[in-house]
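**Q** This is the structure, below, for whatever I ask next.
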Amino acid sequence: MIEILMWLAVPYIVIGLVFSVTHPDDVRSLEKQVQTQLPAGADALSFGAATLLWPMMLITGPVEEHCDVG
């Protein structure tokens with residue numbers, strides 16, 4: 001069962017990485033939001049969040065439309 005989940009996670013992560021690289025504006029807007037809470041690791045955390053949450057970001061659209069990003 002764990003092996004099946006690991007094999008299913010590989011394409012999910014690869015698609016997430018491709019999404020994060022091709023949508024840098026979404027990653028930057030997430031970074032602006034995270035910067036207030038965690039200034040030191042905001043860039044890595046926002047890239048990881050965009051990689052893991054790519055289905056939600058794909059469905060809902062750009063982050064700027066939903067949040068007040070300065």
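**Q** Of all residues in region 44-70, how many are modelled with pLDDT under 70 and among the small types (Gly, Ala, Ser)?
**A** Qualifying residue count, region 44-70: 1.
**Q** Another question, then. Could you list all residues from region 23-39 that are β-branched (Val, Ile, Thr) and more than 11 Å from the chain's Cα centre (by Cα)?
**A** Passing the criteria: Val34, Thr36.
The values are calculated or read from the model by the stated rules, or taken from the named source; none is laboratory data. The structure displayed is predicted, hence computed values, not measured ones.
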